[in-house]
Amino acid sequence: MYKIVFTRRALKDLENIDKEVQNRIAMKLKKYAEEPLKYARKLTSPKIGTYRFRIRDYRVIFDIDYENIVILRIGHRRSIYK
């Protein structure tokens, strides 16, 4: 099981999201922490991160560092890659 670590920017992104969506993201992250690479997609352009999770209309951009999943950004799919 990987440990989930949030950057300051990711926490700020999460605060700006609706509470219901925050809960959905938290539950999915717990599930994905067991086998992150099974659910992740590798980004074609690693400018903002290496991998992403898809949680409905939201994307969680992250890197894997040893036993940690480092969450870099969280945002709506239409604006996260800009």
- Task: Identify, by number, the condition in (1) crowded, with 16+ Cβ neighbours inside 10 Å; (2) in a loop (DSSP other than H, G, I, E, B); (3) touching a Gly at 6+ places or on another chain (Cβ under 9 Å) that residue 81 doesn't meet.
- Result: (1)
- Those residues of the range 12-40 which are assigned to a helix (DSSP H, G or I), closer than 20 Å to residue 81 by Cβ and free of Cβ contacts under 8 Å to residues at least 12 places away in the same chain, in sequence order: 12
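Where a number appears in this text, it was derived from the coordinates with a stated rule and is not lab data. Computed from a predicted structure; not experimentally measured. Backbone-built Cβ (ideal geometry, glycine too); neighbour counts: all protein chains shown.
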